[in-house]
């Protein structure tokens with residue numbers, strides 16, 4: 001049987017292209033962008049499991065294609081699928097910077113921290129060309145609004161100078177999401193995301209530039225990458241991370257179908273053991289619990305052991321904790337509206 005070609009040359013008439021960083025994609029499928037005409041950019045939540053109220057999501061769907069991504073069900077609200085649609089059909093809010101500025105001008109805005117992003121990676125590959133996240137962060141700097149960023153992407157290095165200014169003039173923090181030291185396992189579960197080595201290098205680059213950086217070990221998948229947690233925290237501390245956090249695997253909605261399917265395809269010999277371990281942290285029968293307080297930590301002896309290992313390792317390495325519950329607004333806001341721009345009066 002002749003092997004099927006996977007070549008797909010760029011369309012010379014395309015108005016939009018996607019460039020990939022070292023260690024990323026490209027995905028073996030056509031990527032399409034869908035414009036989002038939403039009139040707002042900030043989403044609010046009142047979850048006691050999250051330390052922030054406001055998040056900004058310039059993109060929905062994610063080119064990293066992580067098998068476990070808890071945000072997959074959000075594509076179903078758009079009449080799209082939570083599987084390959086989520087990986088390749090990226091919804092873009094092109095007016096995000098203008099919408100953010102308009103929100104900051106509202107008298108009701110109190111200068112609370114804005115998280116980029118609460119759903120999908122704000123620095124995924126399409127950001128290189130569109131620069132929507134960068135432009136939103138420039139608005140945050142203009143208004144001196146506190147900001148937190150979480151990303152897997154090495155593209156964050158492009159905006160280091162902007163991060164430095166945000167740290168000086170506002171309150172800023174960035175977290176690199178990484179839960180692996182094993183590159184092959186990472187590639188199996190995060191097929192188009194940067195490698196662990198590349199992300200550790202990003203932590204080092206940010207730290208050397210004086211940018212406050214932490215590592216979020218997310219997700220910890222029982223029976224798969226929990227054994228890598230200690231080594232991961234050690235390497236992150238060596239790279240310059242000052243804080244760490246962790247989140248147990250979450251499989252809400254359709255993710256409870258997507259993840260096992262992709263796990264079975266990528267690691268057929270380990271799949272049953274891993275799914276059994278996951279259930280052991282979710283009451284013994286389910287793959288997920290949605291209740292506040294347990295959804296990000298699990299329950300039972302296995303989950304408690306993961307938490308104890310994380311805490312003991314952070315204590316030994318003198319890493320501060322940044323948990324899901326960490327209050328991003330514990331300090332007074334730095335928010336300040338710039339003076340209005342007025343046209344110069346004519347002399348005549």
Next item on the list: Please report the relative contact order for region 32-321, taking Cα pairs under 8 Å with a sequence separation of at least 6, and give it as a percent rounded to a whole number.
Entry: 17
Next item on the list: Round to the nearest 10 and give me the degree value, 0 to 90, for the angle of helix 229-239's Cα axis relative to the longest principal axis of the chain.
Entry: 40
Check: In deg cm²/dmol, rounded to 500, what helix-only [θ] at 222 nm does the chain give when every DSSP H run of at least 4 residues adds -39500 (n - 2.57) and the total is split over its residues?
Finding: -9000 deg cm²/dmol
Margin query: Classify region 34-78 from the C-alpha gyration tensor, please: rounded if a/c falls under 1.5, else prolate or oblate depending on whether a/b exceeds b/c.
Written below: oblate
Next item on the list: Nearest 5 is fine: what % of DSSP beta bridges in region 32-321 come out antiparallel, could you say?
Entry: 15
Next item on the list: With everything on Cα atoms, drop me the angle between helix 301-317 and the longest principal axis of the chain, reported from 0 to 90° to the nearest 10.
Entry: 60
Item checked: Shape category assigned to region 44-174 from the gyration tensor of Cα positions, a/c cut at 1.5 -> prolate
Notebook entry, point to check: With labels modelled as points extended 7 Å from the Cα through the Cβ direction, what inter-label distance (nm, one decimal) is found for residue 209 paired with residue 35?
Noted result: 3.1
Next item on the list: Give the peptides 162-173, 31-42 in descending order of average Cβ contacts within 10 Å, highest first.
Entry: 162-173, 31-42
Next item on the list: Give the angle, between 0 and 90 degrees and rounded to the nearest 10, that separates the Cα long axis of helix 255-266 from the longest principal axis of the Cα atoms of the chain.
Entry: 60
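Throughout, read-outs are computed from the coordinates displayed, never taken from laboratory work. Bear in mind that the values here come from a model prediction, so they are computed numbers and not experimental data. For neighbour counting, all protein chains shown are included, and Cβ atoms are generated from backbone atoms with ideal geometry for every residue, glycine included.
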